[in-house]
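Shown next, in structure tokens, is the structure this report addresses.
The values are calculated or read from the model by the stated rules, or taken from the named source; none is laboratory data. All values derive from a computational prediction rather than experimental measurement. Here Cβ is always computed from backbone atoms with ideal geometry, including for glycine, and neighbour counts include all displayed protein chains. These area figures cover heavy atoms from the full protein model, side chains too; ligands, DNA and RNA do not enter into them. Shrake-Rupley method; radii C 1.70, N 1.55, O 1.52, S 1.80 Å.
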Amino acid sequence: MKKSLNRRNMLKTGLMSLGGMALAPHIAKGAFESAPFKLDASNRLVYSPLAREYFVDENFAPEIVAKLTSNENPYGPPASAKQAVIDSVSGGNRYAWREMAELMESIAEKEGVTTKHLMMGPGSSDLLEKVAIVRFMNGGNLVSADPTYMSLIRVAERVGATWKPVPCTSDWSHDLDKMAEAVDADTKLVYICNPNNPVGTMTAAKDLEAFCKKVSKKVPIFIDEAYMELAYGPDAITQSPLVAQGYNVIVCRTFSKIMGMAGLRIGFMVAQPEFIKEISSVTRGGMGISLTSIKAATAAYGDDGFQEMTKTKNDAAKKYTMAEVKALGYDPIPSFTNFMMFQINMDGKEFLGKMREHGVGCRAFTINDKDMCRVSMGTMDEMKMFVSALKTLS
């Protein structure tokens with residue numbers, strides 16, 4: 001009884017303290033401060049002390065025309081999903097368990113698993129955070145690359161975990177050998193974001209597969225594939241088949257990116273049924289997803305034409321932006337996502353302020369004491385606005 005009460009108290013404490021902190025991608029280690037975000041009223045920028053990241057608070061910046069901050073899909077949701085929302089609104093008085101079950105059947109068939117291998121959530125970040133809460137409410141350590149996406153890590157730290165960051169290699173991929181070495185008796189999870197946010201790089205598929213087969217015998221491997229469907233090349237391969245093969249691997253994906261449903265909030269996790277049961281013993285998957293979102297996701301999931309259009313236009317916008325940025329003397333990091341990152345030659349706060357004067361919103365980070373810009377891929381017109389603004393600073 002005492003152990004059960006302690007577990008609930010730790011869970012409650014962790015949930016109350018999370019706030020927006022878990023949503024900020026981490027870039028450089030730093031001390032905790034009293035608030036996760038601070039508004040700089042003088043120039044309407046938000047600063048995350050934990051992430052050492054600046055971004056425009058668009059609620060206070062109506063002049064932003066090109067919103068290139070949050071890695072959103074500028075083309076979605078697809079028309080099929082919009083119609084599905086309209087058609088399903090009248091059923092909004094009912095819970096959507098049957099409709100969710102039907103969507104899960106479709107996902108399970110495509111992923112080559114059973115529905116017992118699946119857990120749904122309102123976006124993939126929700127699933128990342130649920131895993132963090134359940135796995136680390138009684139302590140332990142978490143191994144990941146640094147830099148990486150920090151949602152799971154920040155939540156894990158707040159409920160009792162110790163983070164063991166492993167610096168990325170010189171080409172910004174995961175240092176899998178060092179990550180394997182970092183695993184010890186207290187490690188409860190290894191987190192891998194591939195392609196990796198915020199840098200946009202991809203770790204070689206064969207190397208990652210070998211790593212998972214070896215290390216998952218000791219500890220679960222959580223692979224965040226939010227951007228995988230946008231990637232081209234031989235390494236753009238999901239690791240979800242490892243789940244069907246019985247490895248203790250968790251693969252998480254989202255409808256937010258290629259399917260353009262960031263505001264509709266839906267994602268899924270593929271894992272061993274025992275792992276799903278562990279997470280479900282504390283929190284229910286799918287409870288926070290509305291009927292309209294489920295119907296929209298069902299439509300978008302089968303809309304191959306929209307997904308291919310998104311991928312093609314994203315690639316074209318990225319190639320254009322990459323070439324223009326290079327022509328201005330910058331050295332962008334190769335990207336397999338719908339964003340790209342490069343070092344800038346001024347303070348990040350000043351950079352964003354100047355870009356905003358041209359109606360452009362993006363993000364600025366500090367990585368290894370260097371100021372960096374991360375810009376999301378918008379429409380081609382939006383990327384031309386970004387390049388035009390950047391030229392005024394070069």
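Please compute the Kirkwood hydrodynamic radius of the stretch 322-362 from all pairs of different C-alpha atoms, in Å with one decimal. After inverting the mean inverse Cα-Cα distance, the result is 11.3 Å.
Quickly work out the residue 381-to-residue 207 label distance, labels modelled 7 Å from Cα along the C-beta direction, and quote it in nm with one decimal. About 4.1 nm, to one decimal. Extension gain for the segment residue 109 to residue 394, taken as residue separation times 0.36 nm less the Cα-Cα distance, is 97.6 nm to one decimal.
Once all protein chains are placed together, residue 356 keeps about 30 Å² accessible to a 1.4 angstrom probe. Each label point was placed 7 Å from the Cα along the Cα-to-Cβ direction; for residue 244 and residue 186 their separation is 3.9 nm.
Mean projected area of the Cα convex hull of the stretch 82-184, taken over all directions, amounts to 10.0 nm². For the pair residue 218 and residue 320, label points projected 7 Å from Cα toward Cβ lie 4.7 nm apart.
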